[in-house]
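The values are calculated or read from the model by the stated rules, or taken from the named source; none is laboratory data. The shown structure was predicted, so the numbers you read here are calculated from the model rather than taken from an experiment. Cβ placement follows ideal geometry from the backbone for every residue including glycine, while neighbour counts extend to all protein chains displayed. Only protein heavy atoms, including side chains, enter the accessible area calculation; ligands, DNA and RNA are left aside. Shrake-Rupley method; radii C 1.70, N 1.55, O 1.52, S 1.80 Å.
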Amino acid sequence: MDQIIIEENKDKIIKNTEEDEEAEIDNSFIPVYHSFPVKDEDSQVVSAQDYRSILASKDGDFLLSSTGAQVKVSDLESKIVGLYFSANWYPPCTKFTDLLINVYQQLKDHSDPGFEVVFVSSDEDLDAFNTYKSSMPWLAIPFSDLDARRALTQKFDVEGIPTLIILQPNSNKDAAVISDGVELVYRYGVQAFPFTKERLEELKEKEKEKHDNQTLSNLLTNDGRDYLLAHPGPKQVPVTSLMGKTIGLYFSAQWCIPAFKFTPRLMSVYQKIKQQLEGKEDEDFEIVFVSSDRDQVQFVTYFETMPWLAVPYDDPTIKNLAKYFDIRGIPSLVVLGPDGKTVTKQGRSLINLYKGNAYPFTKTRVGILEKQMDEVAKGLPKTEHHSGHRHELTLVPEGHGGGAFICCDCDEQGYGWAYQCLECGYEVHPKCIKPVARSPGS
């Protein structure tokens, strides 16, 4: 069956993110999404005067309402429009749809400017489209209009879902297309409206101000609690005792499958770092567990396996931290410096890449380790045949396809150098390569 471009990547998307999908189940405040931004977004300008040329096709100049009625494309003239590329078969899409519905319902009566969403389907067939569309209160490109769906996907260079492209109306002709609508809705919700450059800069400035004033105390305490849990329970440790230490905030849960592998690795690294710092009075390292467990029993059972501290189960600080650090999936490790300021939100990747050598996780330390990795990469084969994949893999650096990725061999995060299949996007850590002999003539 002929499908639009995104469908070609379906198997890859599911393979590369199935572990993260597990980390999303029943976790309303830590969503996971996978969206790939439009390229060269600043060079694109689309206003409502172009809506007809964008959304209409040879099959007609109408869209479908939530009830199935036809709506003229011209009715969108004065509105801000979000083009929502999504599909019912992909869990991060259905997760984001729920959030977008909430935002849409708050904005639907906004008159100046108005707001509308247009669903661009990547569903497998008409029945799937109709079922998914029935949950949406907005408009949709008819499923039968494959040309229009394909044209929109190509025009905005959409490579993954969910993607939300924001277009401005006639009154804002010079506004560039916003390609990261999914991220903006996750981060700011309804506050992102009307998605103008001025509004987004205002929100970023407020966010920056909050982070500039960040302290360990205002992150980890609240009006009713100034302590963390420790072992043996129910021991309490004052948050003030952590001042001056490097702190890792570990967002995780017992039910999280990726954490099943990562937590033991983090424990081992934690113990090694603590051993390295023994005898140093002016330096220490601690981890604080921020739980996404489903009940108190799971929390207690999981925390008992850990050698570090924890925020009490179901404490309001947990949701505040997840939102503040924009946590999209678990497990996740945010590292704070001795001054209480954020050092990195990529602690998990750094642990996977460098283990205990990543400490103290600063840009200076990571820069040294990256240079060392670059030197090691000079001695690696430019191409390899890996036992777990049928195509030849090419060694690529960060910035050339080797950015953040999920290793298809060990299912853990990676960053920087990677062996990548240029045909299908399969990626593995260099350390995970299992070379196989090439057949004669290959």
Filter segment 233-253 down to residues that are open to solvent by 70 Å² or more (accessible area, probe 1.4 Å) and within 18 Å of residue 291 (Cβ to Cβ) and give me whichever is modelled with the lowest pLDDT. 234
Out of the residues in segment 336-358 that are closer than 17 Å to residue 267 by Cα and over 24 Å from the mean Cα position of the chain (by Cα), which is most open to solvent (accessible area, probe 1.4 Å)? 357
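Residue by residue through segment 305-358, note down the ones that are on the phi > 0 side of the Ramachandran plot and out of contact with any helix residue (DSSP H, G or I) (no Cβ under 9 Å at 6 or more places or on another chain). Before the answer, list the steps.
Step one: of segment 305-358, the residues on the phi > 0 side of the Ramachandran plot are 314, 326, 340, 355.
Listed by number, the list is empty, since nothing qualifies.
Modelled with pLDDT of 85 or more, surrounded by fewer than 15 Cβ atoms within 10 Å (Cβ to Cβ) and either assigned to a loop (DSSP other than H, G, I, E, B) or outside the structural domain of residue 271 (by the TED database) (or both), is that true of residue 440?
Working: modelled with pLDDT of 85 or more: no; surrounded by fewer than 15 Cβ atoms within 10 Å (Cβ to Cβ): yes; either assigned to a loop (DSSP other than H, G, I, E, B) or outside the structural domain of residue 271 (by the TED database) (or both): yes.
Spelling it out, it is not the case that residue 440 is modelled with pLDDT of 85 or more, surrounded by fewer than 15 Cβ atoms within 10 Å (Cβ to Cβ) and either assigned to a loop (DSSP other than H, G, I, E, B) or outside the structural domain of residue 271 (by the TED database) (or both).
Please go through segment 300-332 and give me each residue that is aromatic (Phe, Trp, Tyr) and closer than 20 Å to residue 226 by Cα, ordered by number.
Within segment 300-332, the subset aromatic (Phe, Trp, Tyr) is 302-303, 308, 313, 324-325.
Within segment 300-332, 303, 308, 313, 324 meet the criteria.
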Counted residues, segment 404-426 - those being open to solvent by less than 20 Å² (accessible area, probe 1.4 Å) and within 21 Å of residue 376 (Cα to Cα): 8
Here are 43, 53, 66: which of them is modelled with pLDDT of 70 or more and surrounded by fewer than 17 Cβ atoms within 10 Å (Cβ to Cβ)? 66
For segment 69-84, which positions are open to solvent by 30 Å² or more (accessible area, probe 1.4 Å) and either acidic (Asp, Glu) or closer than 25 Å to residue 183 by Cα (or both)? 75, 77, 78, 79
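For segment 112-122, does any single residue satisfy the condition of being more than 15 Å from residue 192 (Cβ to Cβ), of a type in the set (D, E, K, R), touching a Phe, Trp or Tyr at 6+ places or on another chain (Cβ under 7 Å) and in a loop (DSSP other than H, G, I, E, B)? Before you say what the answer is, go through the steps one by one.
Taking segment 112-122 as the starting set, the residues that turn out to be more than 15 Å from residue 192 (Cβ to Cβ) are 112, 114, 116, 118-122.
Remaining after also requiring of a type in the set (D, E, K, R): 112, 116.
Applying the additional criterion that residues be touching a Phe, Trp or Tyr at 6+ places or on another chain (Cβ under 7 Å) yields 116.
Filter once more, so that each one left must be in a loop (DSSP other than H, G, I, E, B): none.
Within segment 112-122 (the criterion being more than 15 Å from residue 192 (Cβ to Cβ), of a type in the set (D, E, K, R), touching a Phe, Trp or Tyr at 6+ places or on another chain (Cβ under 7 Å) and in a loop (DSSP other than H, G, I, E, B)), the answer is no, since none of the residues qualifies.
Using the structure shown, decide if residue 169 is in the same structural domain as residue 97 (by the TED database) and open to solvent by 10 Å² or more (accessible area, probe 1.4 Å). I'd like the intermediate steps shown before the answer.
Values: in the same structural domain as residue 97 (by the TED database): yes; open to solvent by 10 Å² or more (accessible area, probe 1.4 Å): no.
No: the conditions fail for residue 169.
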Tell me which residues, restricted to segment 381-411, are modelled with pLDDT under 85 and of a type in the set (A, V, I, L, M). 404, 406
Of all residues in segment 115-156 being of a type in the set (Asp, Glu) and in contact with a strand residue (DSSP E or B) (Cβ under 7 Å, 6 or more places away or on another chain), which is most open to solvent (accessible area, probe 1.4 Å)? 147
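Given the structure, is residue 119 touching a residue at least 40 places away in the same chain (Cβ under 8 Å), of a type in the set (Phe, Trp, Tyr) and under 19 Å from residue 183 (Cα atoms)?
Working: touching a residue at least 40 places away in the same chain (Cβ under 8 Å): no; of a type in the set (Phe, Trp, Tyr): yes; under 19 Å from residue 183 (Cα atoms): yes.
No: the conditions fail for residue 119.
If the requirement is being at pLDDT 90 or above and open to solvent by 50 Å² or more (accessible area, probe 1.4 Å), which of these qualifies: 378, 371, 363? Spell out the reasoning first.
Details: 378 fails: at pLDDT 90 or above; 371 fails: at pLDDT 90 or above.
So the residue among 378, 371, 363 that is at pLDDT 90 or above and open to solvent by 50 Å² or more (accessible area, probe 1.4 Å) is 363.
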Regarding segment 66-75, can at least one residue be identified that is assigned to a loop (DSSP other than H, G, I, E, B) and in contact (Cβ under 8 Å) with a residue 12 or more places away in the chain? yes
Could you please give the count of residues in segment 306-351 that are of a type in the set (Asp, Glu) and in contact with a strand residue (DSSP E or B) (Cβ under 9 Å, 6 or more places away or on another chain)? 2
Tell me, please, whether a residue that is under 18 Å from residue 283 (Cβ atoms), open to solvent by less than 20 Å² (accessible area, probe 1.4 Å) and within 20 Å of the chain's Cα centre (by Cα) can be found in segment 319-335. yes
